[in-house]
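Visitor: Could you have a look at this structure, given as structure tokens, before my questions?
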Amino acid sequence: MERNQEMSPRGMARLGGLFYLLIFLVGIFSEFAVRGRLVTDGDGAATAHNILAHPALYRMGGLAELTVLLCDTCVALIFYELFKPVSRRLSLFATVFRLMLVAIMAVNVTNYFVPLNLLNADASPNAFSAAQLQTLVMKSLQAYGRGYEIALVFFGIHCLIIGFLILRSTFLPRILGVLMALAGLGWLSFSWPPVAYRMYPYILLPGVVGEGLLTLWLLTMGVNAERWREQSGAPAGTS
């Protein structure tokens, strides 16, 4: 009965990998299919025109952002259970920092939806000139970008802690811990935006490699269940 009521460590790891995969896929859609297509840096007129021409696609981008936050929450909670045998305290810290990312982005996503309201003629007819609307649209999107950068700093701390937990664990390859720590350092560079901008897009590579390989490992291999149980002090019997 107890065995049926609790998810096995390998199943828990694969579920975490599945949510992480969804983060990658939905994030790619949001970044490239929506923002990459509709938002033109430094050109408020083109951006406003694109959003007005494709409002449904823009809304889908916002929905994608909310979906990523839901998946991030699931990953945070799963990782807490997965790495709790290594260190309950550090696992809790990692969870808190990832949930802080979620909280910041949940507030910040309002900046994403502001352009739709600004460009809705029925909501504020003749309140602003076209030039003013275009400026406000770009300011809103810039605020969204700044909020994203702040959230990435907390995410970088999360990745650093997860990397350390993997290194201390006996049930995952240590190379994944090294890669996740490097990913964390990459995301932490956004605490100093001029440095991050200068290194962009190469600064994204550690995160893509580290988090991508961890996702693939969790999906395909899970964790070494026997070693996970040994480290957690749990009795044998689940896989």
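Visitor: What number goes with the only condition from (1) over 21 Å from ASP41 (Cα atoms); (2) out of contact with any His (no Cβ under 8 Å at 6 or more places or on another chain) that VAL109 does not pass?
Guide: It fails just one condition, (1).
Visitor: In addition: Residues in region 101-111: is at least one part of a helix (DSSP H, G or I), of a type outside the set (S, T, N, Q), at pLDDT 95 or above and under 22 Å from LEU214 (Cα atoms)? Before the answer, list the steps.
Guide: Taking region 101-111 as the starting set, the residues that turn out to be part of a helix (DSSP H, G or I) are 101-111.
Subsequent filtering for residues that are of a type outside the set (S, T, N, Q) retains 101-107, 109.
The next check asks that each one be at pLDDT 95 or above; those that pass are 101-107, 109.
Then keep just the ones that are under 22 Å from LEU214 (Cα atoms); that gives 101-102.
Looking for residues that are part of a helix (DSSP H, G or I), of a type outside the set (S, T, N, Q), at pLDDT 95 or above and under 22 Å from LEU214 (Cα atoms), one finds at least one in region 101-111, hence yes.
Visitor: Please give the helices (runs of 4 or more DSSP H) falling wholly within region 1-58 in which 2 or more residues are at pLDDT 95 or above.
Guide: The qualifying helices (runs of 4 or more DSSP H) are 9-28, 44-53.
Visitor: Identify the single condition in (1) under 30 Å from GLY44 (Cα atoms); (2) polar (S, T, N, Q); (3) surrounded by fewer than 19 Cβ atoms within 10 Å (Cβ to Cβ); (4) modelled with pLDDT under 95 that SER232 does not satisfy, given that it satisfies every other one.
Guide: Exception for SER232: condition (1).
Visitor: Going by the conditions given, is LEU57 among the aliphatic types (A, V, I, L, M), surrounded by 15 or more Cβ atoms within 10 Å (Cβ to Cβ), farther than 24 Å from HIS158 by Cβ and over 20 Å from the mean Cα position of the chain (by Cα)? Write out each step before concluding.
Guide: Numbers: among the aliphatic types (A, V, I, L, M): yes; surrounded by 15 or more Cβ atoms within 10 Å (Cβ to Cβ): no; farther than 24 Å from HIS158 by Cβ: yes; over 20 Å from the mean Cα position of the chain (by Cα): yes.
No, not satisfied.
Visitor: Being under 16 Å from the mean Cα position of the chain (by Cα) and aliphatic (A, V, I, L, M), is that true of even one residue in region 185-193?
Guide: Checked region 185-193: at least one residue is under 16 Å from the mean Cα position of the chain (by Cα) and aliphatic (A, V, I, L, M).
Visitor: Another question about this same structure. Output the residue which, of all residues in region 173-193 that are in contact with an Asp or Glu (Cβ under 9 Å, 6 or more places away or on another chain) and within 20 Å of GLY222 (Cα to Cα), is surrounded by the most Cβ atoms within 10 Å (Cβ to Cβ).
Guide: Filtering region 173-193 down to residues in contact with an Asp or Glu (Cβ under 9 Å, 6 or more places away or on another chain) leaves 179-180, 183, 190-191, 193.
Within this subset, residues satisfying the condition of being within 20 Å of GLY222 (Cα to Cα) are 179-180.
On the way: LEU179: 22, MET180: 28.
Within region 173-193, the match that is surrounded by the most Cβ atoms within 10 Å (Cβ to Cβ) is MET180.
Visitor: Still on this structure: What residue, among those in region 137-159 that are surrounded by fewer than 20 Cβ atoms within 10 Å (Cβ to Cβ) and of a type outside the set (A, V, I, L, M, F, W, C), is farthest from MET100 (Cα to Cα)?
Guide: Top of the filtered list is LYS139.
Visitor: Ok, one more. Residue check, ILE78 against (1) surrounded by fewer than 16 Cβ atoms within 10 Å (Cβ to Cβ); (2) in contact (Cβ under 8 Å) with a residue 12 or more places away in the chain; (3) of a type in the set (A, V, I, L, M, F, W, C), all met but one. Which one?
Guide: Answer for ILE78: the failing condition is (1).
The values are calculated or read from the model by the stated rules, or taken from the named source; none is laboratory data. Model, not experiment: these values are computed from the prediction. Cβ coordinates were reconstructed from backbone atoms using ideal geometry, including for glycine residues, and neighbour counts include every protein chain displayed.
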